[in-house]
Amino acid sequence: MRKKGLPAWIREIIQGFLTDRKTSLLFDGQSSPVIHTETGIPQGSPLSPILFLIFITPLIEQTNSENLPQASLGFVDDTNLVVWSPSAQRNCRTLEEIHKTCLTWAKRSGASFAPDKYQLIHLTRRRRADTSACINIPRFDSKPQKSLKILGVWIDPKLSWKEHIQKAAEKGAKQFSALSRITGSTWGLSFDKARLLYTSTVRSSITHGAPAWALGDEGSGLPAKVTKPLVEIQHQCLRLVTGAFKRAAGAALEQETQIPPIPLYTLNLAREQAHSTRTADAARYITNRTSQVLLKGQQRRRNQIQGWKTPRQKAIQQVQVYQQVEREPWLKRQWKRMFAKLARGRTHAVWDTSNNTTGQELRAGLNRSEASILTQLRTGNIGLNHYLAKRKVPGILP
(Lines give C-alpha, C1' and ligand atoms only; values in the text may rest on other atoms or scores of the structure.)
Protein backbone atom coordinates (compact mmCIF):
# COMPACT_ATOMS: atom_id res chain seq x y z
CA MET A 1 0.00 0.00 0.00
CA ARG A 2 2.95 2.29 0.68
CA LYS A 3 4.34 1.58 -2.80
CA LYS A 4 0.98 2.45 -4.30
CA GLY A 5 1.11 5.85 -2.63
CA LEU A 6 -1.84 5.38 -0.29
CA PRO A 7 -1.78 7.90 2.59
CA ALA A 8 -0.63 6.89 6.07
CA TRP A 9 -4.07 7.22 7.65
CA ILE A 10 -5.52 4.61 5.27
CA ARG A 11 -2.62 2.25 5.96
CA GLU A 12 -3.16 2.64 9.71
CA ILE A 13 -6.87 1.87 9.39
CA ILE A 14 -6.14 -1.28 7.37
CA GLN A 15 -3.45 -2.33 9.82
CA GLY A 16 -5.93 -2.02 12.66
CA PHE A 17 -8.52 -3.91 10.61
CA LEU A 18 -6.16 -6.87 10.11
CA THR A 19 -4.57 -6.90 13.60
CA ASP A 20 -5.71 -9.01 16.55
CA ARG A 21 -8.44 -10.84 14.65
CA LYS A 22 -10.26 -13.78 16.18
CA THR A 23 -12.38 -16.50 14.62
CA SER A 24 -15.00 -18.82 16.07
CA LEU A 25 -16.85 -21.50 14.09
CA LEU A 26 -20.56 -22.09 14.69
CA PHE A 27 -22.05 -25.40 13.60
CA ASP A 28 -25.39 -26.92 14.58
CA GLY A 29 -25.69 -24.59 17.54
CA GLN A 30 -22.21 -25.42 18.86
CA SER A 31 -19.37 -22.85 18.90
CA SER A 32 -15.68 -23.70 18.65
CA PRO A 33 -13.05 -22.12 20.89
CA VAL A 34 -11.78 -18.72 19.75
CA ILE A 35 -8.94 -19.00 17.24
CA HIS A 36 -6.44 -16.17 16.81
CA THR A 37 -6.15 -15.38 13.09
CA GLU A 38 -2.83 -13.79 12.20
CA THR A 39 -2.83 -14.18 8.42
CA GLY A 40 -5.21 -13.69 5.52
CA ILE A 41 -8.16 -11.35 5.17
CA PRO A 42 -11.69 -11.74 6.58
CA GLN A 43 -14.10 -13.71 4.42
CA GLY A 44 -17.23 -11.76 3.47
CA SER A 45 -15.87 -8.31 4.25
CA PRO A 46 -16.39 -5.72 1.47
CA LEU A 47 -12.79 -4.60 2.08
CA SER A 48 -11.33 -8.04 1.38
CA PRO A 49 -11.58 -7.99 -2.46
CA ILE A 50 -9.94 -4.55 -2.54
CA LEU A 51 -7.14 -5.63 -0.23
CA PHE A 52 -6.53 -8.77 -2.27
CA LEU A 53 -6.24 -6.72 -5.46
CA ILE A 54 -3.64 -4.52 -3.77
CA PHE A 55 -1.84 -7.64 -2.58
CA ILE A 56 -1.70 -9.33 -5.99
CA THR A 57 -0.98 -6.19 -8.05
CA PRO A 58 2.83 -6.68 -7.94
CA LEU A 59 2.43 -10.14 -9.51
CA ILE A 60 0.25 -8.78 -12.31
CA GLU A 61 2.72 -5.97 -12.94
CA GLN A 62 5.73 -8.31 -13.01
CA THR A 63 4.11 -10.70 -15.49
CA ASN A 64 2.86 -7.93 -17.81
CA SER A 65 5.10 -6.17 -20.27
CA GLU A 66 4.17 -3.87 -23.13
CA ASN A 67 7.42 -4.80 -24.89
CA LEU A 68 7.13 -8.58 -24.58
CA PRO A 69 4.62 -11.01 -26.13
CA GLN A 70 2.97 -11.82 -22.81
CA ALA A 71 0.15 -10.59 -20.60
CA SER A 72 -1.50 -11.58 -17.36
CA LEU A 73 -5.13 -11.09 -16.37
CA GLY A 74 -6.40 -11.53 -12.84
CA PHE A 75 -9.84 -11.84 -11.28
CA VAL A 76 -9.76 -12.29 -7.51
CA ASP A 77 -7.54 -15.35 -6.97
CA ASP A 78 -7.68 -16.60 -10.59
CA THR A 79 -4.73 -15.53 -12.72
CA ASN A 80 -4.52 -16.15 -16.46
CA LEU A 81 -1.18 -15.98 -18.28
CA VAL A 82 -1.30 -15.30 -22.02
CA VAL A 83 1.70 -15.53 -24.36
CA TRP A 84 1.91 -15.50 -28.14
CA SER A 85 4.37 -16.39 -30.85
CA PRO A 86 4.38 -18.38 -34.13
CA SER A 87 5.33 -21.52 -32.15
CA ALA A 88 3.46 -23.40 -29.42
CA GLN A 89 6.80 -24.76 -28.17
CA ARG A 90 8.13 -21.25 -27.72
CA ASN A 91 4.97 -20.23 -25.90
CA CYS A 92 5.41 -23.10 -23.44
CA ARG A 93 9.02 -22.13 -22.73
CA THR A 94 7.90 -18.53 -22.11
CA LEU A 95 5.21 -19.72 -19.72
CA GLU A 96 7.79 -21.71 -17.78
CA GLU A 97 9.89 -18.56 -17.32
CA ILE A 98 6.87 -16.53 -16.24
CA HIS A 99 5.98 -19.27 -13.76
CA LYS A 100 9.41 -18.88 -12.16
CA THR A 101 8.61 -15.20 -11.66
CA CYS A 102 5.32 -16.19 -10.04
CA LEU A 103 7.08 -18.57 -7.65
CA THR A 104 9.58 -15.88 -6.67
CA TRP A 105 6.75 -13.48 -5.88
CA ALA A 106 4.86 -16.18 -3.95
CA LYS A 107 7.90 -16.99 -1.83
CA ARG A 108 8.47 -13.32 -1.01
CA SER A 109 4.82 -12.56 -0.26
CA GLY A 110 3.89 -15.73 1.60
CA ALA A 111 1.41 -16.91 -1.05
CA SER A 112 1.24 -20.30 -2.74
CA PHE A 113 0.01 -21.74 -6.05
CA ALA A 114 -1.72 -25.04 -6.81
CA PRO A 115 -0.14 -26.53 -9.97
CA ASP A 116 -2.66 -29.38 -9.90
CA LYS A 117 -5.32 -26.78 -10.78
CA TYR A 118 -3.39 -25.28 -13.71
CA GLN A 119 -4.81 -25.61 -17.22
CA LEU A 120 -3.19 -25.09 -20.61
CA ILE A 121 -4.79 -24.37 -23.97
CA HIS A 122 -3.29 -23.42 -27.34
CA LEU A 123 -5.29 -20.94 -29.43
CA THR A 124 -4.83 -21.09 -33.18
CA ARG A 125 -6.84 -21.42 -36.37
CA ARG A 126 -4.05 -22.93 -38.41
CA ARG A 127 -5.12 -26.34 -39.61
CA ARG A 128 -1.66 -27.89 -39.43
CA ALA A 129 -0.45 -26.15 -36.30
CA ASP A 130 1.26 -28.35 -33.71
CA THR A 131 -0.71 -27.84 -30.50
CA SER A 132 0.72 -30.76 -28.54
CA ALA A 133 3.45 -28.73 -26.79
CA CYS A 134 3.50 -29.09 -22.99
CA ILE A 135 4.87 -27.16 -20.03
CA ASN A 136 7.36 -28.68 -17.63
CA ILE A 137 6.08 -27.67 -14.20
CA PRO A 138 6.16 -30.05 -11.20
CA ARG A 139 2.75 -31.40 -10.14
CA PHE A 140 1.10 -30.04 -13.30
CA ASP A 141 -0.51 -32.32 -15.84
CA SER A 142 0.57 -30.24 -18.78
CA LYS A 143 -1.65 -31.92 -21.37
CA PRO A 144 -3.30 -29.16 -23.45
CA GLN A 145 -7.05 -28.86 -23.01
CA LYS A 146 -9.59 -28.89 -25.82
CA SER A 147 -11.57 -26.28 -23.90
CA LEU A 148 -11.45 -24.47 -20.59
CA LYS A 149 -13.70 -22.13 -18.64
CA ILE A 150 -12.70 -18.60 -17.74
CA LEU A 151 -15.17 -16.61 -15.62
CA GLY A 152 -18.03 -18.75 -16.84
CA VAL A 153 -17.14 -18.54 -20.54
CA TRP A 154 -15.82 -21.64 -22.31
CA ILE A 155 -12.82 -21.07 -24.58
CA ASP A 156 -12.02 -23.44 -27.45
CA PRO A 157 -8.75 -23.51 -29.47
CA LYS A 158 -10.24 -21.78 -32.53
CA LEU A 159 -12.37 -19.31 -30.58
CA SER A 160 -15.40 -20.48 -32.52
CA TRP A 161 -17.47 -20.40 -29.29
CA LYS A 162 -19.18 -23.66 -30.24
CA GLU A 163 -18.13 -25.26 -26.97
CA HIS A 164 -19.49 -22.37 -24.93
CA ILE A 165 -22.80 -22.35 -26.81
CA GLN A 166 -23.17 -26.10 -26.29
CA LYS A 167 -22.46 -25.83 -22.56
CA ALA A 168 -24.89 -22.93 -22.24
CA ALA A 169 -27.55 -24.92 -24.09
CA GLU A 170 -27.05 -27.87 -21.74
CA LYS A 171 -27.51 -25.57 -18.76
CA GLY A 172 -30.57 -24.05 -20.40
CA ALA A 173 -32.08 -27.52 -20.96
CA LYS A 174 -31.80 -28.25 -17.23
CA GLN A 175 -33.43 -24.93 -16.38
CA PHE A 176 -36.21 -25.63 -18.89
CA SER A 177 -36.82 -28.93 -17.12
CA ALA A 178 -37.06 -27.09 -13.80
CA LEU A 179 -39.42 -24.50 -15.30
CA SER A 180 -41.68 -27.23 -16.67
CA ARG A 181 -42.19 -28.52 -13.12
CA ILE A 182 -43.87 -25.32 -11.97
CA THR A 183 -45.97 -24.36 -14.96
CA GLY A 184 -47.96 -25.96 -17.76
CA SER A 185 -50.52 -25.00 -20.37
CA THR A 186 -53.43 -25.16 -17.91
CA TRP A 187 -51.80 -24.77 -14.50
CA GLY A 188 -48.93 -23.08 -12.70
CA LEU A 189 -47.54 -19.59 -13.08
CA SER A 190 -49.43 -16.88 -14.91
CA PHE A 191 -48.19 -15.69 -18.29
CA ASP A 192 -46.52 -12.57 -16.83
CA LYS A 193 -44.77 -14.47 -14.03
CA ALA A 194 -43.61 -17.29 -16.31
CA ARG A 195 -42.25 -14.73 -18.77
CA LEU A 196 -40.44 -12.87 -15.98
CA LEU A 197 -38.98 -16.10 -14.63
CA TYR A 198 -37.63 -17.03 -18.06
CA THR A 199 -36.04 -13.65 -18.80
CA SER A 200 -34.52 -13.25 -15.33
CA THR A 201 -33.12 -16.76 -14.90
CA VAL A 202 -32.96 -18.92 -18.03
CA ARG A 203 -32.16 -16.23 -20.59
CA SER A 204 -29.63 -14.47 -18.35
CA SER A 205 -27.92 -17.83 -17.83
CA ILE A 206 -27.67 -18.95 -21.46
CA THR A 207 -26.51 -15.51 -22.62
CA HIS A 208 -23.83 -15.14 -19.92
CA GLY A 209 -20.68 -13.51 -21.26
CA ALA A 210 -22.36 -12.41 -24.51
CA PRO A 211 -20.11 -9.32 -24.87
CA ALA A 212 -17.15 -11.71 -25.13
CA TRP A 213 -18.52 -14.12 -27.74
CA ALA A 214 -21.58 -12.70 -29.50
CA LEU A 215 -19.77 -10.33 -31.89
CA GLY A 216 -18.18 -13.07 -33.97
CA ASP A 217 -15.23 -12.32 -36.24
CA GLU A 218 -16.73 -9.33 -38.04
CA GLY A 219 -18.58 -7.66 -35.17
CA SER A 220 -21.92 -8.61 -36.74
CA GLY A 221 -22.72 -11.81 -34.83
CA LEU A 222 -22.01 -15.54 -34.90
CA PRO A 223 -23.19 -17.85 -37.70
CA ALA A 224 -26.77 -19.07 -37.30
CA LYS A 225 -25.67 -22.70 -37.01
CA VAL A 226 -23.50 -21.81 -33.98
CA THR A 227 -26.27 -20.07 -32.03
CA LYS A 228 -28.95 -22.59 -33.05
CA PRO A 229 -28.82 -24.55 -29.73
CA LEU A 230 -29.62 -21.38 -27.77
CA VAL A 231 -32.39 -20.45 -30.19
CA GLU A 232 -33.98 -23.86 -29.67
CA ILE A 233 -33.79 -23.52 -25.89
CA GLN A 234 -35.55 -20.16 -26.02
CA HIS A 235 -38.27 -21.52 -28.29
CA GLN A 236 -38.87 -24.47 -25.95
CA CYS A 237 -39.17 -22.14 -22.97
CA LEU A 238 -41.51 -19.76 -24.79
CA ARG A 239 -43.81 -22.63 -25.74
CA LEU A 240 -43.99 -23.38 -22.02
CA VAL A 241 -44.50 -19.72 -21.09
CA THR A 242 -47.31 -19.21 -23.62
CA GLY A 243 -48.92 -22.65 -23.49
CA ALA A 244 -48.34 -23.14 -27.22
CA PHE A 245 -48.08 -26.46 -29.05
CA LYS A 246 -44.78 -27.78 -30.38
CA ARG A 247 -45.74 -26.90 -33.94
CA ALA A 248 -46.01 -23.20 -33.07
CA ALA A 249 -43.25 -21.18 -34.73
CA GLY A 250 -40.64 -19.88 -32.31
CA ALA A 251 -40.48 -16.50 -34.08
CA ALA A 252 -44.23 -16.06 -33.54
CA LEU A 253 -43.89 -16.79 -29.83
CA GLU A 254 -41.03 -14.31 -29.52
CA GLN A 255 -43.30 -11.67 -31.02
CA GLU A 256 -46.18 -12.74 -28.78
CA THR A 257 -44.08 -12.45 -25.62
CA GLN A 258 -42.04 -9.46 -26.80
CA ILE A 259 -38.79 -11.36 -26.15
CA PRO A 260 -36.20 -10.68 -28.89
CA PRO A 261 -34.56 -13.55 -30.82
CA ILE A 262 -31.42 -14.80 -29.07
CA PRO A 263 -28.96 -13.91 -31.91
CA LEU A 264 -30.22 -10.31 -32.04
CA TYR A 265 -30.44 -10.00 -28.26
CA THR A 266 -26.89 -11.21 -27.60
CA LEU A 267 -25.44 -9.20 -30.49
CA ASN A 268 -27.16 -6.08 -29.17
CA LEU A 269 -25.72 -6.71 -25.69
CA ALA A 270 -22.24 -7.03 -27.15
CA ARG A 271 -22.59 -3.95 -29.38
CA GLU A 272 -23.85 -1.77 -26.54
CA GLN A 273 -21.10 -2.95 -24.20
CA ALA A 274 -18.41 -2.35 -26.81
CA HIS A 275 -19.73 1.13 -27.59
CA SER A 276 -20.21 2.19 -23.95
CA THR A 277 -16.67 1.11 -22.98
CA ARG A 278 -14.89 2.28 -26.14
CA THR A 279 -12.92 4.96 -24.27
CA ALA A 280 -12.13 2.89 -21.17
CA ASP A 281 -8.49 2.23 -20.36
CA ALA A 282 -9.10 -1.52 -20.18
CA ALA A 283 -10.67 -1.55 -23.65
CA ARG A 284 -7.72 0.37 -25.11
CA TYR A 285 -5.25 -1.97 -23.44
CA ILE A 286 -7.00 -5.06 -24.82
CA THR A 287 -7.13 -3.54 -28.31
CA ASN A 288 -3.43 -2.71 -28.25
CA ARG A 289 -2.43 -6.13 -27.02
CA THR A 290 -4.67 -7.83 -29.59
CA SER A 291 -2.96 -5.85 -32.32
CA GLN A 292 0.42 -7.02 -31.00
CA VAL A 293 -0.74 -10.64 -31.15
CA LEU A 294 -1.78 -10.20 -34.77
CA LEU A 295 1.48 -8.56 -35.78
CA LYS A 296 3.54 -11.22 -34.01
CA GLY A 297 1.69 -14.06 -35.69
CA GLN A 298 1.59 -12.47 -39.14
CA GLN A 299 5.08 -11.02 -39.48
CA ARG A 300 5.29 -12.00 -43.16
CA ARG A 301 2.03 -10.27 -44.03
CA ARG A 302 2.25 -6.96 -42.19
CA ASN A 303 1.39 -5.02 -45.33
CA GLN A 304 -1.83 -7.00 -45.66
CA ILE A 305 -3.15 -6.19 -42.19
CA GLN A 306 -2.83 -2.42 -42.23
CA GLY A 307 -6.11 -0.97 -41.00
CA TRP A 308 -7.14 -4.24 -39.38
CA LYS A 309 -9.81 -3.89 -36.68
CA THR A 310 -10.88 -6.13 -33.84
CA PRO A 311 -14.51 -7.35 -33.71
CA ARG A 312 -15.10 -4.77 -30.95
CA GLN A 313 -13.79 -1.96 -33.12
CA LYS A 314 -15.92 -3.12 -36.04
CA ALA A 315 -19.00 -3.26 -33.80
CA ILE A 316 -18.30 0.24 -32.46
CA GLN A 317 -17.97 1.56 -35.98
CA GLN A 318 -21.25 -0.10 -36.98
CA VAL A 319 -23.03 1.42 -33.97
CA GLN A 320 -21.72 4.90 -34.74
CA VAL A 321 -22.71 4.69 -38.42
CA TYR A 322 -26.18 3.45 -37.50
CA GLN A 323 -26.73 6.21 -34.93
CA GLN A 324 -25.90 8.85 -37.53
CA VAL A 325 -28.71 7.80 -39.87
CA GLU A 326 -31.31 6.12 -37.63
CA ARG A 327 -33.12 7.12 -34.44
CA GLU A 328 -35.01 3.89 -33.84
CA PRO A 329 -33.11 1.48 -31.52
CA TRP A 330 -31.07 -1.01 -33.53
CA LEU A 331 -32.53 -4.10 -31.85
CA LYS A 332 -36.12 -2.97 -32.42
CA ARG A 333 -35.49 -2.14 -36.08
CA GLN A 334 -33.64 -5.37 -36.88
CA TRP A 335 -36.26 -7.48 -35.13
CA LYS A 336 -39.07 -5.70 -36.97
CA ARG A 337 -37.40 -6.39 -40.32
CA MET A 338 -36.75 -10.03 -39.50
CA PHE A 339 -40.31 -10.64 -38.33
CA ALA A 340 -41.84 -8.87 -41.35
CA LYS A 341 -39.85 -11.15 -43.64
CA LEU A 342 -41.01 -14.28 -41.82
CA ALA A 343 -44.64 -13.07 -41.71
CA ARG A 344 -45.02 -12.83 -45.50
CA GLY A 345 -47.84 -15.05 -46.73
CA ARG A 346 -48.99 -16.00 -43.22
CA THR A 347 -52.53 -15.17 -42.18
CA HIS A 348 -52.85 -16.07 -38.51
CA ALA A 349 -53.31 -13.20 -36.05
CA VAL A 350 -49.87 -13.49 -34.48
CA TRP A 351 -48.23 -12.65 -37.83
CA ASP A 352 -50.26 -9.46 -38.34
CA THR A 353 -47.55 -6.75 -38.37
CA SER A 354 -50.15 -3.95 -38.55
CA ASN A 355 -51.47 -4.74 -35.06
CA ASN A 356 -49.40 -3.05 -32.34
CA THR A 357 -51.19 -4.79 -29.46
CA THR A 358 -48.72 -7.01 -27.61
CA GLY A 359 -49.35 -10.48 -26.28
CA GLN A 360 -48.98 -9.22 -22.71
CA GLU A 361 -51.75 -6.66 -23.21
CA LEU A 362 -54.09 -9.29 -24.69
CA ARG A 363 -53.55 -11.60 -21.73
CA ALA A 364 -54.32 -9.05 -19.03
CA GLY A 365 -56.82 -10.57 -16.60
CA LEU A 366 -56.78 -14.06 -18.18
CA ASN A 367 -56.06 -17.17 -16.15
CA ARG A 368 -53.49 -19.76 -17.24
CA SER A 369 -55.87 -21.88 -19.32
CA GLU A 370 -57.43 -18.89 -21.06
CA ALA A 371 -54.02 -17.42 -21.90
CA SER A 372 -52.90 -20.74 -23.41
CA ILE A 373 -56.04 -21.00 -25.56
CA LEU A 374 -55.46 -17.44 -26.78
CA THR A 375 -51.93 -18.37 -27.82
CA GLN A 376 -53.14 -21.43 -29.69
CA LEU A 377 -55.82 -19.44 -31.49
CA ARG A 378 -53.44 -16.65 -32.50
CA THR A 379 -50.77 -19.04 -33.77
CA GLY A 380 -53.23 -21.36 -35.54
CA ASN A 381 -51.85 -24.41 -33.75
CA ILE A 382 -54.75 -25.63 -31.65
CA GLY A 383 -56.11 -29.01 -30.52
CA LEU A 384 -59.22 -28.59 -32.63
CA ASN A 385 -57.09 -28.82 -35.77
CA HIS A 386 -56.00 -32.33 -34.89
CA TYR A 387 -59.61 -33.47 -34.46
CA LEU A 388 -60.78 -31.83 -37.70
CA ALA A 389 -57.84 -33.22 -39.62
CA LYS A 390 -58.54 -36.66 -38.20
CA ARG A 391 -62.11 -36.32 -39.50
CA LYS A 392 -60.56 -35.42 -42.90
CA VAL A 393 -62.11 -31.96 -43.09
CA PRO A 394 -60.85 -30.37 -46.35
CA GLY A 395 -58.10 -27.75 -45.94
CA ILE A 396 -57.33 -28.63 -42.31
CA LEU A 397 -53.88 -29.80 -41.23
CA PRO A 398 -53.12 -31.32 -37.81
Fill in: List Tyr198, Tyr322, ordered by accessible area with a 1.4 Å probe, largest first
Tyr322, Tyr198
Discussion item. On C-alpha positions alone, give me the angle between the axis of helix 47-62 and the longest principal axis of the chain, in degrees, nearest 10.
Written reply: 70 degrees
Fill in: Unsatisfied cross-links (Cα-Cα over 24 Å) in the set Lys225/Lys314; Lys171/Lys314; Lys107/Lys146
Lys171/Lys314; Lys107/Lys146
Worksheet item: Fully extended, how many nm does the chain gain between Thr287 and Trp9 (0.36 nm per residue separation, minus their Cα-Cα distance)?
Response: 96.3 nm
Practice prompt. Provide the solvent-accessible area of Thr101, counting protein heavy atoms only and rolling a 1.4 Å probe, rounded to the nearest 10 Å².
Written response: 50 Å²
Worksheet item: Which of Leu295, Leu25, Leu374 moves the most in a Gaussian network model of the chain with Cα springs under 10 Å?
Response: Leu25
Practice prompt. Please give the helix 262-276 orientation as an angle from the longest Cα principal axis of the chain, in degrees from 0 to 90, rounded to the nearest 10.
Written response: 40 degrees
Response to the item:
Diffing the stretch 326-331: the Karplus 3J(HN,Hα) column from phi (6.51, -1.76, 1.60, θ = phi - 60°), in whole Hz with x for Gly and Pro, holds 10, 9, 5, x, 4, 4
Worksheet entry | Accessible area of Asp28 in the full protein assembly, 1.4 Å probe (Å², nearest 10) | 140 Å²
Worksheet item: Once the convex hull of the C-alpha atoms of the chain is built, how many Å³ does it hold per residue, rounded to a whole number?
Response: 252 Å³
Worksheet entry | J(HN,Hα) series, the stretch 147-155, from Karplus relation 6.51 cos²θ - 1.76 cosθ + 1.60, nearest Hz, glycine and proline x | 6, 8, 9, 10, 6, x, 10, 8, 9
Item to complete: Please give, to one decimal in nm, the separation of the simple spin-label points placed at His36 and Lys228, each 7 Å out from Cα toward the Cβ.
Response: 6.6 nm
Response to the item:
The FRET efficiency for Arg346 and Lys22, from their Cβ-Cβ distance with R0 = 41 Å and rounded to 0.05, is 0.05
Practice prompt. Measure up Lys158/Lys228; Lys228/Lys336; Lys193/Lys390; Lys158/Lys246 against 24 Å on the Cα-Cα distance and list the ones that go over.
Written response: Lys193/Lys390; Lys158/Lys246
Item to complete: Grab the alpha carbons of the stretch 150-215, take their convex hull, and tell me the volume per residue in Å³.
Response: 90 Å³
Worksheet item: Just how far, in whole angstrom, is the stretch 325-398 from the stretch 174-194 if you go by their alpha carbon centroids?
Response: 20 Å
Discussion item. Compute the helix-to-body angle for 368-379: its Cα long axis versus the longest principal axis of the chain, expressed 0 to 90° and rounded to tens.
Written reply: 80 degrees
Worksheet item: If you take the beta carbon distance between Asp116 and Thr201 as r and set R0 to 25 Å, what does 1/(1 + (r/R0)^6) give as a FRET efficiency, to the nearest 0.05?
Response: 0.15
Worksheet item: Taking springs between alpha-carbon atoms closer than 10 angstrom, which of Phe17, Phe75, Phe113 fluctuates most in the Gaussian network model of the chain?
Response: Phe17
Worksheet item: Once amide H atoms are built 1.01 Å from N in the peptide plane, which residues 5 or more positions from Thr37, or in another chain, come under 5 Å H to H?
Response: Arg21, Lys22, Thr23
Worksheet item: What does the charge add up to near Phe245, with Lys and Arg as +1, Asp and Glu as -1, over the other residues with Cβ less than 14 Å from its Cβ?
Response: +3
Fill in: Rough spin-label spacing in nm, given labels placed 7 Å along Cα→Cβ, for Lys390 and Phe339
3.4 nm
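The values are calculated or read from the model by the stated rules, or taken from the named source; none is laboratory data. In this text the structure is predicted, and so the values were computed from the model without any measurement. All Cβ positions, even for glycine, are placed from backbone atoms using ideal geometry, and neighbour counts span all protein chains on display. Note: accessible area is taken over every heavy atom of the protein model, side chains too, but ligands, DNA and RNA are not part of it. Shrake-Rupley method; radii C 1.70, N 1.55, O 1.52, S 1.80 Å.
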